[in-house]
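The values are calculated or read from the model by the stated rules, or taken from the named source; none is laboratory data. What you see is a predicted model; the values in this text were computed from it and never measured. Heads up, the Cβs are rebuilt from the backbone with ideal geometry, glycines too, and the neighbour counts pull from every protein chain shown.
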Amino acid sequence: MNAQMERYERQVMLDEIGEEGQCLLQKARVLIVGVGGLGSPIAIYLAGAGVGTIGLMDDDTVSLTNLHRQVLYTEKEVGQPKVFHARERLLSMNSSINVQAYNERLTKKNAQDRVADYDFVVDGTDNFATRYLISDTCAAMGKPYIYGAICGLEGQVGVLCAGSATYRTLHPDEEDTLGMPHPGRQVVGVTPAIVGSVQASQVLQLICHYGEPLIDQLWTIDLRTMQSFIIKLSEHV
């Protein structure tokens, strides 16, 4: 095993990954939209796994209220742009990967250009409008969209735009979401840690072609009871 593979020795030992899967990870390009509570664990575990190119897109700055859940950041970064510190943190963990930082919000003007450069798009956002935009762009360009959302002690994950289901399958009427509060504002730190880790796991499955990814399915969890369910979205399309 060469030095590059040695870093990933513990996961390469798995039949689901192996050296072939590790090579696929190194070639993969993943865009993370939103580098906060969900984006932090997503980015950390994808970087640790050796995803070759990771894009980070966020126009926000670090605030003190972020720190109980956004584990990419420290008190020293309060008031500073997230994406640059997130990039620095990921490269300090794994200098062999490429990390692109986009200090901007995903908009209708830049969505196609940004998404075109990546194989997968992962949702680290907290608002409906951006999710519709991610989904519509991914559906039009044939890119899998790894959706995740949190609220309090509940979370959900699904793989959209890779089968028949999109975000509009979950929320058909976009006008109904206008003016609704951001669903992730009330949250305990472990909720995005768990949900973001499941999203990262879905990305690894899709890249390495193992298991049964949540394509056209929605996984939900309630951390008050630890009950989880998988809903087949294709039945509701």
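Return the total of residues in the range 131-156 being part of a helix (DSSP H, G or I) and either of a type outside the set (D, E, K, R) or closer than 24 Å to residue 25 by Cα (or both).
Selection size over the range 131-156: 9.
Return only the number of the condition from (1) among the small types (Gly, Ala, Ser); (2) assigned to a helix (DSSP H, G or I); (3) surrounded by fewer than 16 Cβ atoms within 10 Å (Cβ to Cβ) that residue 228 does not satisfy.
Condition (2) is where residue 228 drops out.
Return the total of residues in the range 120-151 being surrounded by fewer than 16 Cβ atoms within 10 Å (Cβ to Cβ) and modelled with pLDDT of 95 or more.
Residues in the range 120-151 being surrounded by fewer than 16 Cβ atoms within 10 Å (Cβ to Cβ) and modelled with pLDDT of 95 or more: 3 in total.
For the range 96-149, enumerate the residues that are among the β-branched types (Val, Ile, Thr), touching a helix residue (DSSP H, G or I) at 6+ places or on another chain (Cβ under 6 Å) and closer than 17 Å to residue 172 by Cα.
137
Within the set of pairs 6 or more residues apart or between chains, which connect a residue that is within 19 Å of residue 229 (Cα to Cα) inside the range 195-208 to a residue that is of a type in the set (Val, Ile, Thr) and in a helix (DSSP H, G or I) with Cβ atoms less than 6 Å apart?
196/42; 199/42; 200/42
Condition first: without any contact (Cβ under 8 Å) to a residue 12 or more places away in the chain and under 30 Å from residue 20 (Cα atoms). Now tell me which residues in the range 46-90 satisfy that.
Result: 88, single match.
How many residues are touching a residue at least 24 places away in the same chain (Cβ under 8 Å) and surrounded by fewer than 19 Cβ atoms within 10 Å (Cβ to Cβ) if we restrict to the range 103-119?
9
Within the range 123-130, is there a residue that is part of a helix (DSSP H, G or I), among the hydrophobic types (A, V, I, L, M, F, W, C) and farther than 20 Å from residue 231 by Cβ?
yes
Quick one: which of 51, 78, 62 is among the β-branched types (Val, Ile, Thr) and within 24 Å of residue 202 (Cα to Cα)?
51
Scanning for something in contact (Cβ under 8 Å) with a residue 12 or more places away in the chain, within 18 Å of the chain's Cα centre (by Cα), closer than 20 Å to residue 33 by Cβ and in a strand (DSSP E or B), does the range 160-168 turn up at least one residue?
yes
For the condition modelled with pLDDT of 95 or more, of a type in the set (S, T, N, Q) and within 18 Å of residue 134 (Cα to Cα), what is the one hit in 225, 166, 191? Explain how you work it out, then say what you get.
Working: 225 fails: within 18 Å of residue 134 (Cα to Cα); 191 fails: within 18 Å of residue 134 (Cα to Cα).
Exactly one of 225, 166, 191 is modelled with pLDDT of 95 or more, of a type in the set (S, T, N, Q) and within 18 Å of residue 134 (Cα to Cα), namely 166.
Out of the residues in the range 1-39 that are in contact with a strand residue (DSSP E or B) (Cβ under 9 Å, 6 or more places away or on another chain) and charged (D, E, K, R), state the one that is nearest to residue 126 (Cα to Cα).
In this case the residue turns out to be 29.
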